[in-house]
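K.L.:
Sharing a structure below in structure tokens format, with a few things to ask.
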Amino acid sequence: MWWVGHHMPDDTFQCHVYLIEHGDRSVLVDPGGYLTFKHVYKKVQEVVPFSNIRYFLCQHQDPDITGSLRLIDLLPDVRRDAMIVTHWRAMQLIKHYDPALPFWNIDEHNWQLDLGGGRILKFIFTPYLHFPAAFCTFDALSGILFSSDIFGGFTANWTLFARDQSHIENIRPFHEHYMPSREILVHGLTKLEAYPIKMIAPQHGSIIPEHLIDFMINELKQTDCGLYALARDSTDIHRLSFLNKALKDITNVVVTHRDFWDIANELITILRKTIPVASAEFYTYAHNHNNECLCLKPETRYRGIITAPPAYYEPMSTLNKRSWLSQNKVCYKKIPIPQERIPDAKKTGEFCLLIPLFPPNRELIQAIAVLSLEHDVNMTFESEKIVEQIGEVLAVAVERECILHVLDMERRKFYEQAIRDPLTGLHNRLYMEETLKPFLHMHDRNEKDGIVAIMSDIDHFKKINDSYGHSAGDKVLKQVASAMTGCIRTSDLAIRYGGEEFAVFLIGQSTREGVFVAEKIRGEISQMKFEGVTNEHKITLSCGVASRKRKEPLGEFIQRADAALYQAKSTSRNKVCCEDDTPL
């Protein structure tokens with residue numbers, strides 16, 4: 001097989017002609033156009049007499065392949081039995097050149113051409129790549145595939161053979177704009193994979209050697225085609241290819257990420273390739289928060305915080321998609337940085353983009369994205385399309401984040417209900433047991449990390465209920481719990497242990513410090529006035545204090561504090577006793 005094409009300087013769209021040398025039944029594959037044929041003719045004659053060519057194989061009807069047919073008719077050394085080999089669909093167009101040579105229809109010859117001597121050309125139907133009756137030609141003897149437009153490419157620095165895998169960057173934009181869809185391309189490539197191909201000779205670009213074939217096929221199978229469907233005011237292939245890759249990257253973000261922090265950052269990175277985005281934040285009305293907003297911003301790693309909605313949000317929230325587009329024509333609105341955000345504007349620019357977010361099957365705006373810009377920008381078609389696509393993704397992501405926020409709030413509410421006493425608001429025994437575990441382990445390792453327990457009980461509480469009713473008793477319990485919490489540190493633990501009994505655990509404290517805190521609580525209670533209880537009925541508290549011994553189980557530790565409490569109650573009450581039964 002010979003390459004008999006002609007390199008045209010400063011042309012990224014090289015068109016190749018190949019000669020299959022096979023005696024007087026040689027084949028000229030894709031003879032070429034009017035511009036290059038004189039060079040093709042000369043090269044052929046350097047290999048074989050032109051009269052050796054019996055077949056002129058035209059894999060489609062475009063002028064870069066068939067423009068030379070009228071010139072061939074005029075050559076003196078064209079043999080009388082030469083034929084144009086093609087598909088009947090291409091014949092319907094090629095006939096308008098009025099060629100003198102007759103047609104040889106591959107459809108009528110079982111899609112193969114026997115050249116004799118055991119050499120058979122097999123024609124492979126690859127419809128719509130790039131026209132309805134497109135086909136490739138496989139030479140079984142050499143293992144060479146004449147692939148027509150498939151594997152073609154734009155080559156700024158042309159070489160006859162592809163040197164390495166980077167050649168895919170020449171092939172990809174050609175297929176993106178030239179082939180109708182990825183599904184059709186994959187269909188054709190899958191048919192080609194059934195053949196033992198050793199080399200690919202495309203009509204455009206560079207010849208692909210065997211070691212690159214699998215890589216090129218796999219990469220092409222991932223290529224999005226039909227690029228011109230994206231075009232509006234420009235058909236520049238590189239701009240459309242950039243846009244297509246950006247849209248594909250946006251889709252991949254949704255597939256590969258679940259955390260909103262990752263989704264937002266990846267989408268902002270894509271946006272920054274076309275828009276100078278400094279930062280992004282998102283607002284959506286929060287459920288059960290009285291017209292407040294759930295705000296997602298980078299300062300909180302996009303974890304939702306409840307805040308008042310920005311001034312521009314409320315008017316937007318009543319618009320549906322049709323109303324928005326009627327007012328703004330595009331999927332965003334550029335506004336000056338709002339007054340309340342002027343300090344931030346010094347760090348960024350003076351403008352921001354508002355993007356309404358419409359989740360699927362919702363007509364009204366459910367959320368907005370606010371993109372602060374580093375500087376003003378004129379939006380292009382590509383940037384508008386990217387913003388539109390990102391808006392669709394963000395609408396789903398923000399809605400999901402809002403749902404997760406609601407679920408998290410519900411989970412926290414139920415968790416709080418599970419670990420707190422509903423009357424006093426203090427933690428319950430279940431929470432006590434789970435929370436104290438790590439502190440017990442710390443104390444077991446280091447005696448200095450001591451734990452003190454104060455068990456306390458409201459004196460004569462039954463008389464309060466009997467005299468003033470259970471409602472008054474409940475108020476006393478709540479006031480005692482509140483006073484107790486006010487007397488300890490936030491690192492300490494106050495528990496409603498049961499009925500009128502309370503427990504306080506002091507972390508990292510000594511017995512002396514425990515007695516001091518217990519006295520503080522007891523003194524505070526004794527001075528308090530209680531709602532619903534007359535001044536004649538004085539409310540007091542008895543307390544028992546114990547320090548934990550290393551390796552001591554929690555139950556035994558509490559038992560010793562409880563024994564000290566019993567000591568206080570069995571004497572005069574309204575007092576603090578320590579674990580050694582000594583009144584204090």
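K.L.:
Quick check on my filter: what residues within the stretch 486-500 are closer than 20 Å to Asn574 by Cα and buried (at least 16 other Cβ atoms within 10 Å of the Cβ)? Steps first, answer last, please.
P.N.:
Filtering the stretch 486-500 down to residues closer than 20 Å to Asn574 by Cα leaves 486-488, 494-500.
Those that are closer than 20 Å to Asn574 by Cα and buried (at least 16 other Cβ atoms within 10 Å of the Cβ): Cys487, Ile488, Ala494, Ile495, Arg496, Tyr497, Glu500.
K.L.:
Collect the residues in the stretch 183-201 that are out of contact with any Leu (no Cβ under 9 Å at 6 or more places or on another chain) and either over 15 Å from Phe125 (Cβ atoms) or outside the structural domain of His167 (by TED's automatic domain parsing) (or both), keeping them in residue-number order. So that I can check it myself, show each step before the final result.
P.N.:
Of the stretch 183-201, the ones out of contact with any Leu (no Cβ under 9 Å at 6 or more places or on another chain) are 183, 190-191, 193-194, 196.
Selection gives Glu183, Pro196.
K.L.:
Considering each residue of the stretch 114-157, count those that are exposed (fewer than 15 other Cβ atoms within 10 Å of the Cβ) and either assigned to a strand (DSSP E or B) or among the small types (Gly, Ala, Ser) (or both), and give that number.
P.N.:
9
K.L.:
Return yes when Gly544 is in a helix (DSSP H, G or I), surrounded by 15 or more Cβ atoms within 10 Å (Cβ to Cβ), touching a Cys at 6+ places or on another chain (Cβ under 9 Å) and assigned by TED's automatic domain parsing to the domain that holds Asn465 and no when it is not. If you could, list the steps in order and put the result at the bottom.
P.N.:
Working: in a helix (DSSP H, G or I): no; surrounded by 15 or more Cβ atoms within 10 Å (Cβ to Cβ): yes; touching a Cys at 6+ places or on another chain (Cβ under 9 Å): yes; assigned by TED's automatic domain parsing to the domain that holds Asn465: yes.
No; evaluated as a whole, the condition is false for this residue.
K.L.:
Shifting gears a bit: Of everything in the stretch 1-55 that's modelled with pLDDT of 95 or more and among the hydroxyl-bearing types (Ser, Thr, Tyr), which residue is nearest to Gly205 (Cα to Cα)?
P.N.:
Going through the qualifying residues, I end up with Tyr18.
K.L.:
Is there a residue being acidic (Asp, Glu) and either touching a strand residue (DSSP E or B) at 6+ places or on another chain (Cβ under 6 Å) or loosely packed, with under 14 Cβ neighbours inside 10 Å (or both) anywhere in the stretch 207-225? Give the steps one after another, and end with the answer.
P.N.:
Start the filter on the stretch 207-225 by keeping residues that are acidic (Asp, Glu), which leaves 210, 214, 219, 224.
Subset that is either touching a strand residue (DSSP E or B) at 6+ places or on another chain (Cβ under 6 Å) or loosely packed, with under 14 Cβ neighbours inside 10 Å (or both): 210, 214.
Yes.
This table checks each residue for (1) at pLDDT below 95; (2) within 20 Å of Phe135 (Cα to Cα); (3) part of a helix (DSSP H, G or I).
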| position | (1), (2), (3) |
| --- | --- |
| Phe174 | yes, yes, yes |
| His177 | yes, yes, yes |
| Ile208 | no, yes, no |
| Phe215 | no, no, yes |
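K.L.:
For the stretch 71-82, does any single residue satisfy the condition of being closer than 24 Å to Leu160 by Cα, assigned by TED's automatic domain parsing to the domain that holds Ala156 and acidic (Asp, Glu)? Full working, then the answer.
P.N.:
Of the residues in the stretch 71-82, the ones closer than 24 Å to Leu160 by Cα are none.
No: the stretch 71-82 contains no residue that is closer than 24 Å to Leu160 by Cα, assigned by TED's automatic domain parsing to the domain that holds Ala156 and acidic (Asp, Glu).
K.L.:
Within the stretch 451-466, is there a residue that is of a type in the set (Phe, Trp, Tyr) and either surrounded by 18 or more Cβ atoms within 10 Å (Cβ to Cβ) or under 17 Å from Gly498 (Cβ atoms) (or both)? Quick ask: steps written out before the conclusion?
P.N.:
Initially, the stretch 451-466 is screened for residues of a type in the set (Phe, Trp, Tyr), giving 461.
From what's left, either surrounded by 18 or more Cβ atoms within 10 Å (Cβ to Cβ) or under 17 Å from Gly498 (Cβ atoms) (or both): 461.
Taking every residue of the stretch 451-466 in turn, at least one turns out to be of a type in the set (Phe, Trp, Tyr) and either surrounded by 18 or more Cβ atoms within 10 Å (Cβ to Cβ) or under 17 Å from Gly498 (Cβ atoms) (or both).
K.L.:
What helices (runs of 4 or more DSSP H) lie completely within the stretch 287-366 and have 2 or more residues being in contact with a strand residue (DSSP E or B) (Cβ under 8 Å, 6 or more places away or on another chain) and modelled with pLDDT under 80? Don't jump to the end; show me each part of the working.
P.N.:
Numbers: elements: 313-317, 321-328, 342-347.
The helices (runs of 4 or more DSSP H) meeting that bar are 342-347.
The values are calculated or read from the model by the stated rules, or taken from the named source; none is laboratory data. Keep in mind that this is a model prediction, so the values were computed, not measured. No Cβ is skipped: glycine too gets one built from the backbone with ideal geometry, and neighbour counts run over all protein chains shown.
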